[in-house]
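For reference, the structure is listed below as structure tokens.
The values are calculated or read from the model by the stated rules, or taken from the named source; none is laboratory data. Predicted model only: the values in this text are computed from it and were never measured. Positions of Cβ are backbone-derived with ideal geometry, glycine not excepted, and every protein chain shown enters the neighbour counts.
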Amino acid sequence: MRDVKTYCPPCRDAPIYAFLGGVDKKLRRKITWQIFQLSQINLCEMKEPHYKHFVLERYSHLYELREKNKILARIIFTIDDSSGDIILLSPFIKRQPRDTMRALEQSLCMLADIRASPEYAVKFDYFKEV
């Protein structure tokens, strides 16, 4: 089982918790379950429709967790090369194709912050009240 971490800049709450607090309870449970399953499965088992690996070289180390209820919820994440930990980066609601590109660029910035300051990656709390 891999650890699941999330990007959390200093003096602010992690974006994933704000996102989970903004979606309905059923979708929140589905996303949390998907994140738990993500920590349990092997890299080779991550396949569509629930997970997507980006093939463009610039984004090749990023993945997308996909969940659907009435809306399309997405979370960009990466897998740390050294520890194998999963780092949740940028959650978003997909309304149009450019939303994904915006989230990918935002995720690259978050990843750069984590590489510069590893303490920005904190353990994800499955049971945190949002």
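Looking at region 1-53 only, could you name the residues that are surrounded by 16 or more Cβ atoms within 10 Å (Cβ to Cβ) and within 17 Å of Ala103 (Cα to Cα)?
Thr6, Tyr7, Cys8, Ala14, Pro15, Ile16, Tyr17, Phe19, Leu20, Tyr51, Lys52
Identify the residue in region 106-128 that is under 17 Å from Phe36 (Cβ atoms) and among the aromatic types (Phe, Trp, Tyr) and, among all such residues, is modelled with the highest pLDDT.
Phe124
Would region 39-52 turn up any residue that is closer than 15 Å to Asp3 by Cβ and either in a loop (DSSP other than H, G, I, E, B) or in contact (Cβ under 8 Å) with a residue 40 or more places away in the chain (or both)?
yes
Does Leu89 satisfy the condition of being touching a Ser or Thr at 6+ places or on another chain (Cβ under 9 Å), part of a helix (DSSP H, G or I), in contact (Cβ under 8 Å) with a residue 12 or more places away in the chain and not aromatic (Phe, Trp, Tyr)? Quick ask: steps written out before the conclusion?
Working: touching a Ser or Thr at 6+ places or on another chain (Cβ under 9 Å): yes; part of a helix (DSSP H, G or I): no; in contact (Cβ under 8 Å) with a residue 12 or more places away in the chain: yes; not aromatic (Phe, Trp, Tyr): yes.
No; evaluated as a whole, the condition is false for this residue.
Exactly one of these conditions fails for Phe77: (1) within 29 Å of Lys25 (Cα to Cα); (2) modelled with pLDDT under 95. Give me its number.
(2)
Which one of these is part of a helix (DSSP H, G or I), surrounded by 13 or more Cβ atoms within 10 Å (Cβ to Cβ) and of a type in the set (A, V, I, L, M): Ala73, Ala103?
Numbers: Ala73 fails: part of a helix (DSSP H, G or I).
Exactly one of Ala73, Ala103 is part of a helix (DSSP H, G or I), surrounded by 13 or more Cβ atoms within 10 Å (Cβ to Cβ) and of a type in the set (A, V, I, L, M), namely Ala103.
Restricted to region 3-38, and to residues that are more than 14 Å from the chain's Cα centre (by Cα) and not in a helix (DSSP H, G or I), which residue is nearest to Phe124 (Cα to Cα)?
Residue satisfying both the conditions and the ranking: Asp13.
Checking the conditions here, which among Arg66, Arg98 is of a type in the set (D, E, K, R) and either under 22 Å from Met1 (Cα atoms) or in contact with a Ser or Thr (Cβ under 9 Å, 6 or more places away or on another chain) (or both)?
Values: Arg98 fails: either under 22 Å from Met1 (Cα atoms) or in contact with a Ser or Thr (Cβ under 9 Å, 6 or more places away or on another chain) (or both).
One residue alone meets the criteria, Arg66.
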